[in-house]
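Trainee: My structure is below; once you've seen it, I'll send some questions.
The values are calculated or read from the model by the stated rules, or taken from the named source; none is laboratory data. Nothing here was measured: the structure is a model prediction, and the numbers come from that model. Heads up, the Cβs are rebuilt from the backbone with ideal geometry, glycines too, and the neighbour counts pull from every protein chain shown. Just the protein is used for accessible areas: all its heavy atoms, side chains included, with ligands, DNA and RNA removed. Shrake-Rupley method; radii C 1.70, N 1.55, O 1.52, S 1.80 Å.
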Amino acid sequence: MASAASTHDVLGTTVTMPVEIRHARCFVAGFTADSDAVEHAIRAGGDAGDAYPRPLRIRPGRTMCMLVFVDYVDGDLGPYNEFGVCFLVEDPTRPPTSPIRALRSLIGGDARALIHHLPVDGDFTLAAGRGIWGFPKTLADFEVDHDSSTKHGRIVADGQLVADLTVRPGIRVPDSSQDTVLNAYSQLDGVLRMTPWRLTSASGTRTRIGGADLVLGTHPIADELRSLKLGRHALMASSVSRITMAFEDATVISATP
């Protein structure tokens, strides 16, 4: 007999797991970053002891920082915009690995990312994200263009510019309907969690080397991004016109007593 689906109360509304996203679209730029600076940012963002996720070193001294704008068009949490600052990381429960082995693991589909900042523009998704998965969601204002061939997003929080990102079109990639799982880590209130984020389909994907322009503002998140010594040019950029996905319940990896 199948076990009953878990539920969560979010602002008086019952949310049944997994949370389904029937239509989302996004664009993302990936920049190399100083691995020591990223590790410092991860440690500063939570207190999980030795179990904190370590940056995935793609070459000595460098890791990856992903900046992504997502428009959730139709999903169980309603429509909203999201901006993510994410770091590619290793499994915190295993010993550190070499850059070559880390890249082999990544290419083989073992993708892991720490969601470091996650501003959104909706109160319900804010409460759900923090309460169900421990995602570090905060409120912000968005100006985003997902419709043009060149994508553009601008995010302002507390009256200050966080980031202005432009992604130019890349080469068309074949559509995918094969399940892909991203293990997403989050740190909030001294608790490290891991959430299986299942991508069930992606269409209208374009990707390229480079192809992104980033302007950082005066908000503390922008200051932190500067401290990471991001590469002057994006390593890659990508956009997806339609995504379907599902978020499972989070698993607690470690918690500060």
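Trainee: State, to one decimal in nm, how far the label point of residue 160 lies from the label point of residue 143, with both points 7 Å from Cα in the Cβ direction.
Mentor: 1.9
Trainee: Continuing with this model, one more query. Tell me, in nm to one decimal, what length is gained between residue 179 and residue 7 on full extension, where the rule is 0.36 nm per residue of separation less the Cα-Cα distance?
Mentor: Gain in length upon complete extension: 59.6 nm.
Trainee: Most fluctuating residue of 27, 83, 247 in a GNM of the chain with Cα springs under 10 Å: which is it?
Mentor: Most flexible of the set in this elastic network: 247.
Trainee: Moving to a separate point now. May I ask for the net charge around residue 18, where only other residues with Cβ less than 14 Å from the Cβ of residue 18 are counted and Lys, Arg are +1 while Asp, Glu are -1?
Mentor: Summing Lys and Arg as +1 and Asp and Glu as -1 gives -3.
Trainee: Using a 1.4 Å probe on the protein heavy atoms, what percent of the accessible area of the chain belongs to carbon and sulfur?
Mentor: 53
Trainee: Rounded to the nearest whole Å², what accessible area per residue is found for region 107-257 with the 1.4 Å probe?
Mentor: Per residue, region 107-257 has 48 Å² of solvent-accessible surface.
Trainee: Right, here's the next one. Positive end of the charge dipole of the chain (Lys, Arg +1 and Asp, Glu -1 on Cβ, about the Cα centre): tell me which of 231, 89, 28 has its Cα farthest that way.
Mentor: My answer, from the dipole projection, is 231.
Trainee: At 1.567 mPa s and 4 °C, plugging the Kirkwood radius over alpha-carbon pairs of region 146-221 into Stokes-Einstein gives what diffusion coefficient in µm²/s?
Mentor: In µm²/s, the coefficient rounds to 84.
Trainee: Any idea of residue 229's accessible area? Nearest 10 Å², probe 1.4 Å.
Mentor: Here the accessible area works out near 130 Å².
Trainee: Among rounded, prolate and oblate, which fits region 172-257 when a ≥ b ≥ c are the square roots of the eigenvalues of its C-alpha gyration tensor, a/c under 1.5 means rounded, and a/b larger than b/c means prolate?
Mentor: Judged from the Cα gyration tensor, region 172-257 comes out oblate (a/c at least 1.5, b/c at or above a/b).
Trainee: Suppose a student asked you for the relative contact order of the chain, using Cα pairs under 8 Å spaced at least 6 residues apart; what percent would you report?
Mentor: In percent, rounded to a whole number, it is 24.
Trainee: Translational D (Stokes-Einstein, µm²/s) of the chain at 25 °C and 0.890 mPa s when Rh comes from the Kirkwood sum over C-alpha pairs?
Mentor: Rounded to a whole number, D works out at 132 µm²/s.
Trainee: Excluding residue 82 itself, what net charge comes from residues whose Cβ is under 9 Å from its Cβ, given Lys and Arg +1 and Asp and Glu -1?
Mentor: -1
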